[in-house]
Amino acid sequence: MTENSSADRAVAAFRETFGGEPAGVWAAPGRVNLIGEHTDYNAGLCLPIALPQRTYAAFRTREDGLLRMASTMGGGVVEVPLDDVAPGTPAGWSGYVAGVPWALRRAGFVVGGFDVVVHSDVPVGAGLSSSAALEGCVAAALSDVHELGLLADDAGRAILADACRAAENEIAGAPTGGLDQASSLRCKAGHALLLDFQDNSAVPVPFDLAAHGLALLVVDTRAPHALVDGQYASRRQACEEAAAILGVASLREVTDLDAALEALDDDVLRRRVRHVVTEIARVSEAITALKEEDFAWVGDLFNASHDSLRWDYEVTCPELDVTVEAARVAGALGARMTGGGFGGSAIALVRASEAEAVADAVRKAFAHHGFREPETFVVDASEGAARVD
Ligand code: GLA
């Protein structure tokens, strides 16, 4: 669907739901993380791109402090006074929306009630950050309609990303790190973004695969995935426990991996630490590989990342492993799961001319294993949140 028709759908649904016109339409993208998985909550490095798929918010302020929220996916209108927003209230998808003004207000910004209708082109439940896209388009709208000016530069966008993360952690109750929200707000078209969660910096890195005859294939496995379940939280907890034993503030501070592994008795903790520390190093290597335009190296790093997530961090699933194996056999330079794991999506770095053949090979492998047919599509590095109408 083109950007205009998606924005138009949000506007048409707004007129039908609330009557009258929205003040405008704001959009924010989903993301794929190229490499640097489960590192954000360890003060580590990540390297995402923004997707061309976005979530759109047709938006208008209200004077009475009420939030009225609807989605083109149905479910009617959710109404809650901004003053009543609290952990768990409202429940469900609207918590991700209502949490944003709640967090901005707590951060000292003057924001108020609104009517909003959202329309999403980001597949939901695919591990492509549909929730961050939802938060991001609302944050962008609030910044503009209240003239906060936070979209103007990266420092402002970082503030919006932090508010979105607080909304997700505290109101929606998903204990995620900051990768998804930073990607949605801070990414630049044609670039990957080197995010450093030690100092919250973001450095754009040129990422133009087409110029090298390459493409990034996304495979949405359509295997069920949920971040609010206990697995994600338990990985975080293991990292915190290991950091405490090692006497460091975060696993980012582990400089001697062998010594750290020796200091840990528990084999599971050892493997979790080995993933995080080697994954952070792989992000640094990927930056060098991209600078040197050595895409075979980038592919090797994708492969090593997946294997580490599979065997050491244990967050893959049969659908993700089958995707990655089939893509590699079909000639991908490298392939890996992306996002939180336990389902969701994988990415493959492929020659542009072979993208369809690799996608076909994955579909055949899924049929062979009796899995549901996956969705496959090629993506470019796209722009962060912005007003679109
Ligand atoms: C999910 C979380 C992110 C990040 C990734 C794993 O997408 O929302 O914060 O932890 O998993 O890299």
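Here are some notes:
- Of the residues screened, ALA12 is not one that is without any contact (Cβ under 8 Å) to a residue 60 or more places away in the chain, small (Gly, Ala, Ser) and part of a strand (DSSP E or B).
- Test for VAL78: is it over 28 Å from ALA189 (Cα atoms), in contact with a Pro (Cβ under 7 Å, 6 or more places away or on another chain), outside the structural domain of TRP311 (by TED's automatic domain parsing) and free of Cβ contacts under 8 Å to residues at least 40 places away in the same chain: yes
For (1) touching a helix residue (DSSP H, G or I) at 6+ places or on another chain (Cβ under 9 Å); (2) closer than 28 Å to ALA202 by Cα; (3) more than 14 Å from the ligand (Cβ to nearest atom), each residue gets a yes or a no:
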{"position": "GLU240", "(1), (2), (3)": "yes, yes, no"}
{"position": "GLU253", "(1), (2), (3)": "yes, yes, yes"}
{"position": "LEU261", "(1), (2), (3)": "yes, no, yes"}
{"position": "HIS275", "(1), (2), (3)": "yes, yes, no"}
{"position": "ILE280", "(1), (2), (3)": "yes, yes, no"}
{"position": "ALA289", "(1), (2), (3)": "yes, yes, yes"}
{"position": "TRP297", "(1), (2), (3)": "yes, yes, yes"}
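- Put simply, of PHE342, PHE366 the only residue that is under 30 Å from SER234 (Cβ atoms), in contact with a helix residue (DSSP H, G or I) (Cβ under 8 Å, 6 or more places away or on another chain) and at pLDDT below 95 is PHE342.
- Residue check for ALA98: in the same structural domain as VAL145 (by TED's automatic domain parsing), touching a strand residue (DSSP E or B) at 6+ places or on another chain (Cβ under 8 Å) and within 16 Å of the ligand (Cβ to nearest atom): no
- Considering residues of region 54-70 that are surrounded by fewer than 24 Cβ atoms within 10 Å (Cβ to Cβ) and either under 12 Å from the mean Cα position of the chain (by Cα) or basic (Lys, Arg) (or both) only, the residue nearest to the ligand (Cβ to nearest atom): ARG68
- Residue in region 117-132 that is away from the ligand (no atom under 16 Å from the Cβ), outside the structural domain of VAL218 (by TED's automatic domain parsing), assigned to a loop (DSSP other than H, G, I, E, B) and surrounded by fewer than 18 Cβ atoms within 10 Å (Cβ to Cβ) present: no
- Residue in region 181-189 that is over 13 Å from ALA133 (Cβ atoms), surrounded by fewer than 19 Cβ atoms within 10 Å (Cβ to Cβ) and in contact with a Pro (Cβ under 7 Å, 6 or more places away or on another chain) present: no
- Inside region 333-386, residues that are buried (at least 19 other Cβ atoms within 10 Å of the Cβ) and either assigned to a strand (DSSP E or B) or in contact with a Ser or Thr (Cβ under 9 Å, 6 or more places away or on another chain) (or both) make up a count of 29.
- Look at (1) of a type outside the set (Ser, Thr, Tyr); (2) more than 20 Å from the chain's Cα centre (by Cα); (3) within 16 Å of the ligand (Cβ to nearest atom) and you find that CYS46 fails only one, number (2).
- Residues that are at pLDDT 95 or above, closer than 20 Å to ARG387 by Cβ and surrounded by fewer than 16 Cβ atoms within 10 Å (Cβ to Cβ) are absent from region 82-93 altogether.
The values are calculated or read from the model by the stated rules, or taken from the named source; none is laboratory data. Owing to the predicted nature of the structure, the values given are computational and were not obtained by experimental measurement. Positions of Cβ are generated from backbone atoms using ideal geometry, with glycine treated the same way; all protein chains shown enter the neighbour counts.
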